[in-house]
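K.L.:
Below: one structure in structure tokens.
The values are calculated or read from the model by the stated rules, or taken from the named source; none is laboratory data. The structure displayed is predicted, hence computed values, not measured ones. In this analysis, Cβ positions are derived from the backbone assuming ideal geometry, glycine residues included, and neighbour counts consider all displayed protein chains.
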Amino acid sequence: MEENWNLDIDSYQKRFCTCDGATLADKDLPPTKYVIRKLLPQGLALLSGSPKVGKSWLTLDWCVKIAKGEKIWDFPTVKGTTLYLSLEDTESRLQERLLTVTEDAPSNVHFATSCMTIGDGLEEQIRTFVSEHPETVLIAIDIFSQSPRQ
């Protein structure tokens, strides 16, 4: 089945939904919640860069340290369950990397080397994981591509 990537411009609003400065200043807004204080807020974040600069190693290290509640670069973390979808690795390679990063891997850091694709089950897999692990604070997808390894 071919996907249609054409945007229907007519279905979008023709005007911005704006807020003036005085109204914004007076709003009672909740503070930003962080997984890594002042560095990684809750929500969607993308870590990108050139190939082979260490993004996967950094992501693995963050998942382990957050699961342990350890600081990252002197920034406090919110301890909780993490899920690392390491979609270019085998379990063997992932194990080697994990044991390089830590000698005492916590039980609240979880790993998967395959998943469904977006729109074809990944969202449900994530919802199921979070419902089974409500203390989840971070889900990392490495790498985010159109067709992860099945």
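K.L.:
In this structure, does Leu83 turn out to be touching a strand residue (DSSP E or B) at 6+ places or on another chain (Cβ under 9 Å), part of a loop (DSSP other than H, G, I, E, B) and not charged (D, E, K, R)?
P.N.:
no
K.L.:
Here are some residues: Phe129, Phe111, Phe144. Which one is in contact with a Phe, Trp or Tyr (Cβ under 6 Å, 6 or more places away or on another chain) and either modelled with pLDDT of 95 or more or surrounded by 12 or more Cβ atoms within 10 Å (Cβ to Cβ) (or both)?
P.N.:
Phe111
K.L.:
Next question. Among what's in the range 86-102 and is outside any helix (DSSP H, G or I) and in contact with an Asp or Glu (Cβ under 9 Å, 6 or more places away or on another chain), pick the residue that is surrounded by the most Cβ atoms within 10 Å (Cβ to Cβ).
P.N.:
Ser86
K.L.:
Residues of the range 1-48 being hydroxyl-bearing (Ser, Thr, Tyr), modelled with pLDDT of 90 or more and part of a loop (DSSP other than H, G, I, E, B), which ones?
P.N.:
The answer is Thr18, Thr32.
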